[in-house]
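Here's the structure we're looking at; comments come further down.
Values quoted throughout were computed directly from the atomic coordinates according to the rules given, and no laboratory measurement underlies them. Bear in mind that the values here come from a model prediction, so they are computed numbers and not experimental data. Using ideal geometry, Cβ is built from the backbone for each residue, glycine included, and neighbour counts are taken over all protein chains shown.
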Amino acid sequence: MGLNYDMQLIMSDVLNITQLVGVATSVWTIEASGKRPLLLIDSVCVTISHMIIAILVAKFDKDWPARRATGWTSVAFLLSYNRQVGFISLVVTQPSSF
């Protein structure tokens, strides 16, 4: 997505932190709203984020240096995607009596 090597290393840590935030916040929201609504909403969010990333990468893959804003938009949706995947992972794996 047009990031240099140092920024790629930093973003790998940021991605892990966003997934941790997703998992941590799901602990409290599962109790408040239940599993099914969370799973449906997060599935839609993950699908939209993934589709936008796929479209941007397919369209601008050859020209990232000239499209820095588009690259950072892809990164933002990747962070959103990763947070939602972290959120869904706990929703799906917890037993019903949680």
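The listed peptides 16-23, 81-88, ordered by packing as a protection proxy, come out as 81-88, 16-23 (highest mean of other Cβ atoms within 10 Å first). Helix 35-60 and the longest principal axis of the Cα set of the chain meet at an angle near 10°.
Computed as a quarter of the hull surface, the mean projected area of the alpha carbon convex hull for the chain stands at 6.5 nm². Note on Ile48 and Ala76: their simple-model spin labels are 1.4 nm apart, each label 7 Å out from Cα toward Cβ. Computed over the chain, the per-residue total of -39500 (n - 2.57) for DSSP H runs of n ≥ 4 gives a 222 nm mean residue ellipticity of -29500 deg cm²/dmol, rounded to 500. What separates the Cα centres of the range 52-85 and the range 1-27 is a distance of 14 Å.
Against the chain, whose longest principal axis comes from its Cα atoms, helix 68-93 is set at around 20 degrees. For the chain, the relative contact order is 51 percent, taking Cα pairs closer than 8 Å that sit 6 or more residues apart in sequence and dividing their mean separation by the residue count.
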